[in-house]
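Participant: The following block contains the structure, expressed as structure tokens.
What follows is calculated from the coordinates using simple rules that are stated; it is not laboratory data. What you are looking at is a predicted structure, and each value in this text was computed from that prediction instead of being measured. Because the Cβ atoms are built from the backbone with ideal geometry, glycine has one as well, and the counts that use them run over all protein chains shown.
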Amino acid sequence: MHSTIRASAGALVLSMALISAMQAGQGGGGAAPRYQVLAPITQGNLTVFPVAANSTHDTSGFSTLDEGLRSGEVVVTETGQRGGGLVRRRGIPIPPPGGAEVNHLFIVNNSKRPLVLLAGEIVTGGKQDRVVGKDRIIPAGSDADLDVFCVEPGRWTELRGASGFGGGVTMAGPSVRNQAMAKKSQQGVWDRVNDSKAEAVEVLAGDAAELGDTTSYARVRDNAKVRNEVEKVAAPIERSYHNVIGQLREQKAVGVVVAVNGDIIWADIFASPALLEKYWPKLVRSYAAEAITHRGSAGAPTLKEAQAFLARLEGSHEQTDTEPGVYRHTEITGSGYKVFELTSLLPGTGFDVHVSKMAD
């Protein structure tokens, strides 16, 4: 795959672009926009626009799924449905009775920090790999039922006798996240998983035997040759972005707008640069995995187009799910797009922890 890197003339140009854009937003007495899109970084047919915010928040009190699974303070197991509410326990949590179900897991947060879960994060193991269906927060010392979607349609047996889950380091690509978050369709997720495997075979020059008989989305992504193709796209962007963020951290860089083959498809925005940096390695690889299975190039969208995409965060319909005192999850439907906002309601917070936007 032929690819080139364009880091948009480095941090100096990006800083100048940020300052100029902020000044433009303030011209004529108008308020600066909530988010400001910066000059793009392009590798092959993937383009990411760094995004700066006019304000950020302290997110040091939150932990991530990756951190919790690595430390053992977060445990995910199979379970039957329990209605989705939080259950605060003392001592060692015991999963509720009931058989395993495709679209439900049980999660325990034994850490002293609230846990942020993002839609699209994949946990591997159990009777089949699953992807988290929506953003949410699990308070410290709490457990909850977790709505998920299967991303391994060909297995319903425990691996090596283990009932727990690992992973967490893989993020599903935007097309899979779309089916889980917006369409809420298990069949749609399966269809995209199967499409991803077929597209990976193309990446492997038609060598289907290279992937064997696995139906696991995570294991397809972890195939050495597929991973190598992903890294060709992801690694240069990751390096360029880290170089930029290192110099723009004071200007509050908190997210990205994503385009594949010239089409803007996604945005991920966080409450702080620190929280973005925790998720960035697996986010950029999810974007790259999407890009390598959509060959071709129609050029990069303009900075103006990316800014216009991010400026539209309101819509004609809102649906809200609230865990009182913990979080509010808002799904906003607009013309040709959906926005998802995760707002922390924990004491001392009251801000959006994560905002994602997808083009329909």
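Participant: Tell me the volume per residue, in Å³, of the convex hull enclosing the alpha carbons of region 237-360. Each step should come with its number before you reach the end.
Facilitator: Working: hull volume 15.5 nm³, N = 124.
That works out to 125 Å³ per residue.
Participant: Any of K278/K357; K197/K304; K183/K282; K197/K232; K225/K252 with alpha carbons more than 25 Å apart? Name them for me.
Facilitator: The pairs that break the limit, which is 25 Å between Cα atoms, are K197/K304; K225/K252.
Participant: Still on this structure, I have one more. Expressed as a whole percent, how much of the Cα-Cα distance distribution for region 103-200 exceeds 23 Å?
Facilitator: Numbers: 1125 of 4753 pairs.
Counting pairs separated by more than 23 Å, the tail of P(r) holds 24 percent.
Participant: Right, something else. Can you list residues from other chains, or at least 5 along the same chain, whose modelled amide H is less than 5 Å from the amide H of Y327?
Facilitator: Under 5 Å from the amide H of Y327 lie the amide H atoms of L345, each far enough along the sequence or on another chain.
Participant: Aspartates and glutamates within cross-link reach of K127: Cα-Cα under 13 Å, excluding same-chain residues under 8 positions apart?
Facilitator: Those aspartates and glutamates meeting the cut-off are E78, E101, E152, E158.
Participant: Here's another thing I want to ask about it. Peptides 301-307, 73-79, 170-176: what's the order by average Cβ count within 10 Å, highest mean first?
Facilitator: On the way: 301-307: 16.4, 73-79: 21.0, 170-176: 25.7.
Most protected by this proxy first, the peptides run 170-176, 73-79, 301-307.
Participant: Quick one: if you stick a label point 7 Å off each Cα along the C-beta vector at R227 and A209, how many nm between them?
Facilitator: With each label point 7 Å from Cα toward Cβ, the separation is 2.2 nm.
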